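For reference, the structure discussed in these notes is given below.
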Amino acid sequence: MIKKKLTYLLLAAALTFGVTGCGEAEAEEESVTIYGYVEDKKEYTLENEYLKLTLDPETTQFSLEEKETGKLWYSNPQDLSGETIANTAAKGGLQSTLMIQYSTSTGVTTTYNNFNYSIENGLYEIEELEDGLKVKYSIGNIERVYLMPTAVPESRMMEFYEKMEKKGKRQIDEYYRKYDINNLRSTDNKSELLEMYPDLETECVYVLRDGLQEYLKVKIEGYFAEVGYTQEDYELDAARYAITNTQDKPVFDVSIVYKLDGADFVVSVPLEEVQYKSDNPITMIKMLPYFGAGSATDEGYILVPDGNGGIINFNNGKASQNNYYSNMYGWDYGLTREAIINETKSAFPLFGICNNGSSFLCMLEEGSAYAAIEADVSGRYHTFNYANAGYTVIHGESMDVSAKSDKAVVVYEKQLPAETLSQRYRFINSDSYSDMAATYREYLMAKYPELDKNTDTQTPITVELVGAIETVENRLGFPVTVSRALTTYEEAAAMMKELVAAGLTTMNMTYVGWFNDGVHHAVATDVDLISELGGKKTFKKLVSAAKEAGVELYLEAFVEFVHENTLFDGFSANRDSAKYVTKELAEIYEYDHVWFGAHDEDETAKKNLVKASYTIKLIDSLLGAAKKYDLSNLSFADLGKQLGGDYNPKKVVTREKTMELQQAKLAEMKAAGNGVMIYEGNEYAVPYADMILEMELGGKSYGIVDQQIPFYSMVLHGLVNYTGDAYNLAENPEDNFLKSVETGAGLYFTFTKASTVELQETSYTYLYGTEYALWKDEAAALYQEYDEKLGHLFNQYITGHRVLADGVTETTYEDGTKVYVNYNYSAADAEGISLEARSYQVKKGGE
């Protein structure tokens with residue numbers, strides 16, 4: 001069937017409106033293409049030795065064949081005839097290859113899918129590229145202009161009228177008004193009519209009556225089509241009179257590009273080609289929201305980046321639970337928020353789907369810093385199980401204009417970043433998440449040459465020492481911030497020697513609160529030792545002791561946030577802080593655990609997010625300070641854990657660009673031989689780190705998630721060492737230890753030499769379990785046990801993981817070693833091995 005190219009009006013017959021895209025602020029009035037499809041072939045294909053994509057030009061939906069196995073993946077669910085749940089909008093979404101969200105100046109958001117608002121109306125074009133396909137969509141509630149004249153002189157009308165049958169002529173006579181300048185009604189304005197229709201000076205003009213219903217327009221269009229009225233005729237007649245259409249409906253031009261890259265399928269949206277009306281900024285984009293979706297009869301699961309990894313089984317009956325949603329790399333600290341009820345964060349940018357024995361991973365590449373992962377099961381809006389990534393591409397903030405208006409006003413970025421959003425799909429002929437983890441490991445190793453096989457043959461252990469904390473004391477009737485010593489430089493050296501003597505020979509040590517007042521130190525543009533901890537001489541002795549003991553000493557600092565700011569420290573909040581879209585300083589406060597709101601009345605609880613360039617400046621300052629003491633290792637309290645954009649309208653540095661700048665600096669440090677330690681382990685920082693502390697070894701316990709799996713651990717083990725929370729600060733140390741055993745994590749302790757009594761009436765009571773004297777013997781004993789049983793595994797990949805029974809797991813390594821863990825409070829059997837309650841056993845390869 002040939003589909004006609006349809007014609008649509010937007011704002012005016014000339015199809016013009018103010019448009020905004022990448023790299024330009026609010027543009028001048030300009031022509032905007034409204035795409036229209038004309039079928040010129042039955043299908044479009046992309047093919048290489050691994051994959052074949054076949055795209056239907058009638059719907060722009062496609063199938064993707066894995067040629068080795070014959071497995072077919074589809075862009076959309078294939079048969080909606082049996083869909084019993086979905087309403088009209090949900091059915092439209094299921095048939096979409098693209099979804100967008102836009103906003104208004106008052107912050108009201110609307111979601112458009114490209115089936116109902118583009119494909120169904122033929123508002124797209126397909127372009128064959130040298131190495132791919134591009135589908136260009138015009139998305140919006142655009143009024144269709146029927147192929148019939150709106151206003152024409154009588155002589156022109158008669159060219160078609162005289163060819164019509166009687167029925168058609170009657171319709172024309174009824175639904176067109178014939179204007180005669182010599183026979184006007186008393187209500188007609190002669191001068192206005194002559195201005196609109198100059199031909200009235202010499203002849204009559206036929207004008208289509210206002211308010212005709214759609215079905216009547218369809219009928220009249222048919223009568224004109226029968227006598228040969230064409231697209232060209234319409235365009236000729238439409239250009240005759242300057243008739244303004246008063247509609248002002250949002251419309252968006254968005255293109256999606258498909259390419260085959262070896263055995264991978266790559267999908268992208270070039271943001272530079274996106275156009276939208278400046279009054280309706282496009283805030284979110286989703287590519288292929290239902291690719292690989294599983295039906296109510298399919299068997300499979302969704303892999304989500306929940307903590308260490310999570311499995312959501314197809315059709316699990318949990319539609320009453322909240323769907324899965326998690327921000328990539330956590331909250332964007334360049335945006336405000338009024339409260340924190342539930343913090344969502346994913347450290348690695350992917351999701352996966354296993355469907356009837358075959359799987360794929362969707363790895364977010366360009367634009368991952370803007371993304372959030374969403375997943376849901378059948379039974380809520382429709383009968384399909386799916387996962388996708390939504391990208392927040394334009395950010396907005398509420399502005400207080402209560403003095404001028406009672407309406408809410410939201411200020412948005414003026415333009416999209418000149419970047420591309422891209423997703424890479426890699427296919428796996430397996431239903432095992434262990435194979436999916438191996439696939440992702442291979443991908444990361446190819447992407448980051450810095451990642452290489454670990455050579456450790458003993459258990460890595462990190463000891464964090466807390467130097468000084470800041471407290472407020474009354475001096476002469478005034479509150480004064482002073483440093484309180486918890487572990488002096490001399491004490492740190494003595495503790496290090498004692499631990500090494502106790503057998504912790506593979507220990508790394510990170511020193512927190514060693515400079516500029518304490519843990520939440522003053523800005524690191526100038527680095528000063530803390531007199532309460534000792535002087536330069538004792539600090540140098542600490543450094544010498546570390547070198548003699550073979551201990552890698554890391555100096556910890558904040559480089560993305562400034563907690564303290566003094567008059568002469570070189571930091572200007574207005575100059576050096578990142579800013580919100582509203583031009584206000586990006587100031588982050590502590591949030592209350594009871595009522596969830598920000599303590600914005602407490603200036604001592606405030607920190608400033610700094611510009612990306614200032615982060616680099618702080619790193620250089622710290623490297624310079626470390627070099628003075630013959631040290632080269634830094635531990636970052638924030639970089640690699642938290643990430644924020646700078647939305648200052650004068651010079652926007654996007655979250656993605658901030659991430660890239662941090663990556664470049666970390667790569668430079670690694671190349672220079674500097675050691676790096678990070679927390680939590682956002683994927684973009686991992687290739688440059690020696691150790692990841694406090695990596696999430698479990699998950700957030702989403703109700704919709706059926707099973708927690710150590711996916712991220714399986715990817716990183718044998719490449720980069722990592723730990724969970726500090727054993728002695730964990731909510732349940734026994735669970736912490738068993739989880740470390742299951743996931744192949746190293747050990748981690750936080751110590752202070754001083755008694756925890758010193759923490760009373762401070763903001764550091766969370767360090768309650770750090771008193772060294774109470775933990776040193778247990779730490780040594782745990783290390784010896786751990787190293788004896790598991791130490792030989794840290795240079796090996798995890799090749800398999802299974803849940804054998806409720807609370808019983810099996811982890812397999814390259815050499816065949818299997819580690820069994822029983823979390824239950826009763827004994828259990830694992831593959832013939834008897835496990836006592838709350839215990840683990842190691843079965844070495846070959847045994």
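The values are calculated or read from the model by the stated rules, or taken from the named source; none is laboratory data. Remember, predicted model here, so these are calculated numbers, not experimental data. Note that each Cβ is placed from the backbone with ideal geometry, even for glycine, and that neighbours are counted across all protein chains shown. We work out accessible area using only protein heavy atoms, side chains counted, and drop any ligands, DNA or RNA first. Shrake-Rupley method; radii C 1.70, N 1.55, O 1.52, S 1.80 Å.
The trypsin sites (Lys or Arg not before Pro) found in the range 771-847 that occupy coil by DSSP, while having at most 16 further C-beta atoms within 10 Å, are K844. Remark on the range 480-593: ratio of C-alpha radius of gyration to 2.2 N^0.38 Å is 1.32.
When the charge dipole of the range 352-511 is built from unit charges on Cβ atoms (+1 for Lys and Arg, -1 for Asp and Glu) and taken about the Cα centre, the candidate among S432, V482, A492 whose Cα reaches farthest toward its positive end is S432. Shape index of the chain: Rg/Rh, with Rg the Cα radius of gyration and Rh the Kirkwood radius from the inverse mean 1/r over Cα pairs, equals 1.07.
Per-residue 3J(HN,Hα) values for the range 669-685, derived from phi via the Karplus relation 6.51 cos²θ - 1.76 cosθ + 1.60 with θ = phi - 60°, read 5, 5, 5, 7, x, 7, x, 9, 10, 10, 10, 6, x, 4, 3, 5, 9 Hz in sequence order (x marks Gly and Pro). Normalised per residue, the accessible area of the range 262-349 is 33 Å², obtained with a 1.4 Å probe and no contribution from ligands, DNA or RNA.
Just to confirm a number: summing +1 for Lys and Arg and -1 for Asp and Glu over residues other than L804 whose beta-carbon lies under 15 angstrom from that of L804, what do you get? The answer is -2. Here the range 504-550 is assigned +1 on the Cβ of each Lys and Arg and -1 on the Cβ of each Asp and Glu. Its dipole about the Cα centre then comes out at about 280 debye.
In the full protein context, the range 170-211 carries 68 Å² of accessible surface per residue, based on a 1.4 Å probe and ignoring ligands, DNA and RNA. Simple point charges give the picture: +1 on the Cβ of Lys and Arg, -1 on the Cβ of Asp and Glu, and for the chain a dipole about the Cα centre of about 420 debye. Counting 0.36 nm for each residue step from L129 to E192 and taking away their Cα separation leaves a gain of 17.7 nm. Solvent exposure of the range 678-760 amounts to 26 Å² per residue of accessible area, where only protein heavy atoms count and the probe is 1.4 Å.
Sequence-distant contacts, meaning Cα pairs under 8 Å at least 6 residues apart, place the relative contact order of the chain at 11 percent. Pop out the carbon and sulfur fraction of the accessible area of the chain as a percent, whole number, probe 1.4 Å. Carbon and sulfur together cover 46 percent of it. Given axes a ≥ b ≥ c from the Cα gyration tensor, I'd like to know whether the range 708-823 is rounded (a/c under 1.5), prolate (a/b larger than b/c) or oblate. Judged from the Cα gyration tensor, the range 708-823 comes out prolate (a/c at least 1.5, a/b above b/c). Counting only pairs 8 or more places apart or on different chains, how many lysine pairs in the range 160-307 have C-alpha atoms closer than 20 Å? Taking the Cα cut-off of 20 Å, the pair count is 18.
Each residue of the range 55-65 was assigned a 3J(HN,Hα) from its phi angle through the Karplus curve 6.51 cos²θ - 1.76 cosθ + 1.60 (θ = phi - 60°); the sequence is 10, 8, x, 6, 10, 6, 7, 8, 10, 10, 9 Hz, with glycine and proline shown as x. Beyond 29 Å in Cα-Cα separation lie the following of the pairs K607/K627; K606/K665; K453/K844; K345/K818; K628/K651; K650/K700: K345/K818; K628/K651; K650/K700.
Placing unit charges on each Cβ (+1 for Lys and Arg, -1 for Asp and Glu) gives the chain a dipole about its Cα centre, and among L80, L719, L216 the Cα reaching farthest toward its positive end belongs to L216.
For the range 600-722, averaging the sequence separation of C-alpha pairs within contact (under 8 Å, six or more residues apart) and dividing by the residue count gives a relative contact order of 20 percent. For helix 536-549, what angle does its Cα long axis make with the longest principal axis of the chain, in degrees from 0 to 90 and rounded to 10? That helix lies at roughly 90 degrees to the long axis. Considering helices alone, the calculated mean residue ellipticity of the chain at 222 nm is -6000 deg cm²/dmol, with DSSP H runs of length four and up weighted by -39500 (n - 2.57) and normalised per residue.
Under 5 Å from the amide H of M148 lies no amide H of any residue 5 or more positions distant or on a separate chain, with H modelled from the backbone and absent for Pro and chain starts. Extension gain for the segment L774 to A664, taken as residue separation times 0.36 nm less the Cα-Cα distance, is 35.4 nm to one decimal. Once the chain from D602 to K249 is taken as fully extended at 0.36 nm per residue, the excess over their C-alpha distance is 122.5 nm. At an R0 of 30 angstrom, the distance between the Cβ atoms of A263 and N141 translates into a FRET efficiency of 0.15. The mean sequence distance of close C-alpha pairs (under 8 Å, at least 6 residues apart), as a share of the length of the range 727-847, puts its relative contact order at 20 percent. Here the Karplus curve 6.51 cos²θ - 1.76 cosθ + 1.60, taken at θ = phi - 60°, turns the phi angles of the range 421-435 into couplings of 9, 9, 10, 10, 9, 10, 9, 10, 7, 6, 10, 9, 5, 5, 5 Hz, with x standing for Gly and Pro. Taking amide hydrogens as placed 1.01 Å from N in the peptide plane, the amide H of G330 sits under 5 Å from those of S346, each at least 5 positions away in sequence or on another chain.
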